[in-house]
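Visitor: This is the structure I have questions about; it appears just below.
The values are calculated or read from the model by the stated rules, or taken from the named source; none is laboratory data. Just so it is clear, the model here is predicted, and its values are computed rather than measured. Here the Cβ positions follow ideal geometry from the backbone for every residue, glycine too, while neighbour counts run over all protein chains shown.
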Amino acid sequence: MARPKTYFEQVPLAVVKRILKEQAAQRKTALLRHRGTPTLSEEDLKYPEWQKPLQDLLLERDRERLREKIRAVETLIIKRHQELAGKSDAHLEREALPDALSNVRVLKVWTDRPKS
């Protein structure tokens, strides 16, 4: 009499390997997000016209390029805030802009201090 196969024995090894590979990739993405590593694409951002440049600014390591980007992003955020001033349907974005500007200004203070 033949012994019945378990479910695991019925699944081809290639399928099991593919599933494990997908799960490992998902865990890696979750771990990166948990550690604060930026993983947001433009599609994930609510307001990519200013959030993407802000994200690039936060990732910049070169001090001189950082200063240039700070000026550009600060101007972009202020300009966007002025554009939204009269719009009643943009309250969520208007609420997000001051936080973004605070982040930019913290970086500005940090880059202006002398290197230690």
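Visitor: Checking the structure you have, find out if any residue of segment 82-95 is touching an Asp or Glu at 6+ places or on another chain (Cβ under 8 Å) and modelled with pLDDT of 90 or more.
Guide: Yes, there is a match, as at least one residue in segment 82-95 is touching an Asp or Glu at 6+ places or on another chain (Cβ under 8 Å) and modelled with pLDDT of 90 or more.
Visitor: Residue 68: acidic (Asp, Glu), at pLDDT 85 or above and over 14 Å from residue 101 (Cα atoms), yes or no?
Guide: So residue 68 passes the test.
Visitor: State all residues of segment 51-85 that are exposed (fewer than 15 other Cβ atoms within 10 Å of the Cβ), in a helix (DSSP H, G or I) and of a type in the set (Asp, Glu); if no residue qualifies, say none.
Guide: Passing the criteria: 56, 64, 68, 83.
Visitor: Provide a single number: the residues in segment 65-116 that are under 17 Å from residue 45 (Cα atoms) and aliphatic (A, V, I, L, M).
Guide: Counting residues in segment 65-116 that are under 17 Å from residue 45 (Cα atoms) and aliphatic (A, V, I, L, M) gives 9.
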